[in-house]
Every structure is written in C-alpha cells, then in structure tokens.
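> Quick one: the structure is below, questions incoming.
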Amino acid sequence: MDRPDLDPALREQALQGLERLRKVFLRPWPLLESIDRNLTRSSGGTFRLVELGSGKGTLCAWLGHELRRRGRRVEMVATDKLEAPGVKVFDCAGQVGWMDADLHFSNLLLHHLDENEIRQSLERQFQHSALGSIHLDLARSRLSYYLTRAFLPLLGYPRINQSDGLLSIQAAFKARELEMAAAGKSRKAKVGSVFPFRQILVVRKGGFPSRGP
C-alpha cells in the first residue's frame, strides 16, 4: 500500500478495508483520550493538531469533532505523502516543510518507518511542537501475527489488507524497541500498551499529566 505506483482502485480498496479495521478492531479511542489528556492548557487560544500519515483524513476530522464536543478549541491539519482532498502533502520522514503545532500525532504510521526515520522525525516534531507528539501503532508479537493470518480471510477482508496486515505486524516494534528509538536528551517519552496488540507512544515537553486538565 506504500508503493507510489499502486493502482488507484487497489489503493481505494485497501483504504476501505483499513477503515473497516479501524471501526472494528483498531478503534482510535485511546488516541483521542491521550490527546485530550495531554492538551494541558486549560484556557486561551486554539490548539493546532497536525496528523502525520493521515490517508484520506477521516480520522483527523473525527478527532477534531470529538475534541470540540469536549470543549476543546482545535485546528486540525491532516497531512500525508499522497495527495487527497483536504489533506496537505507532506513527508514526515523528510527534513523540510515542517509545520509548527501544539501536538503532532499519528495512527498506524510508525511501523512504516525504520528506527532512524522515527528518531529523526520525532526530533523534528519535538522542535516544531509546543507540547510534543502522540503516536498509536501496532505492537509486534507472534500471537497477533497468527491471529491476523487466520481471521482476516475468514472475515472477508481484501487480499491487500490481509498481506499488508501481516507485513505491518512484522514491521512493527516491541515496546522496548520503540522507547529506544524515541529516546533523546531533551525528550521525555513513554510507551503504553493498548488492547488488542497495539501501543501508544507519548513524547512530552515537560512532565506527563496524571489526569485531565
């Protein structure tokens, strides 16, 4: 699915399958809760939240809607390497074009990057953010690999989602590996587990909040 020469019809099929996975197995509520908890200013101004690797931008729109329902004033900016309506073209593994934000965030992005790309991207996110960044991603394990291999075909997911799912699990990081990639002299990072077979990386400027603002 990362291939730039992938047939557009096949890419659309893959995106539809991924949206189905997000609604059933990979629901983004943990990302919403973590973003809300880490927006620590209680008043004044609007938070700018920049999503990296946003695909069609549907998650970014949903998060904005839910945060506004909670009384947050937010400006949501969706970005991706590939062009889509309402999505800014931007490569988060690149060195230029970084947008200043309160928070950078992503969902199911980190396993598409290697450790060096993650380290460099997090450094630039840290430089261009007021609060830090939050990333929800897969966690690598044998159990998740074999369950995915068994059940995605039975549940009727397209072949491209079946193969991409297995490749994504193989490319994902274990918690300790992700912590090491995120570590930095000025960055405070922690990784928490998210059911099922996911993990969330939070990189903060300053301390971690223990509860909502």
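The values are calculated or read from the model by the stated rules, or taken from the named source; none is laboratory data. Because the structure is a prediction, the values reported are computed rather than measured. Neighbour counts are summed over all protein chains in view; Cβ atoms, including those assigned to glycine, are modelled from backbone coordinates with ideal geometry.
> For region 148-172, what are the residues that are within 16 Å of VAL194 (Cβ to Cβ), of a type outside the set (Val, Ile, Thr) and part of a helix (DSSP H, G or I)?
Within region 148-172, SER168 is the sole residue that qualifies.
> If SER133 meets every condition in (1) part of a helix (DSSP H, G or I); (2) crowded, with 23+ Cβ neighbours inside 10 Å apart from one, which number is that one?
(1)
> Going through region 120-147 one residue at a time, which ones are within 15 Å of the chain's Cα centre (by Cα) and of a type outside the set (Gly, Ala, Ser)?
LEU122, GLN125, ILE134, HIS135, LEU136, ASP137, LEU138
> Taking into account only those residues within region 82-92 that are free of Cβ contacts under 8 Å to residues at least 60 places away in the same chain and in a loop (DSSP other than H, G, I, E, B), which is farthest from LEU122 (Cα to Cα)?
Across region 82-92, the extreme among qualifying residues is PRO85.
> Is there a residue being farther than 16 Å from PRO158 by Cβ, at pLDDT 95 or above, touching a Gly at 6+ places or on another chain (Cβ under 9 Å) and polar (S, T, N, Q) anywhere in region 71-82?
yes
Yes or no, residue by residue, for (1) over 30 Å from ASP100 (Cα atoms); (2) surrounded by 20 or more Cβ atoms within 10 Å (Cβ to Cβ); (3) acidic (Asp, Glu):
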position	(1), (2), (3)
THR148	yes, yes, no
PRO158	yes, no, no
ILE169	yes, yes, no
GLY184	no, no, no
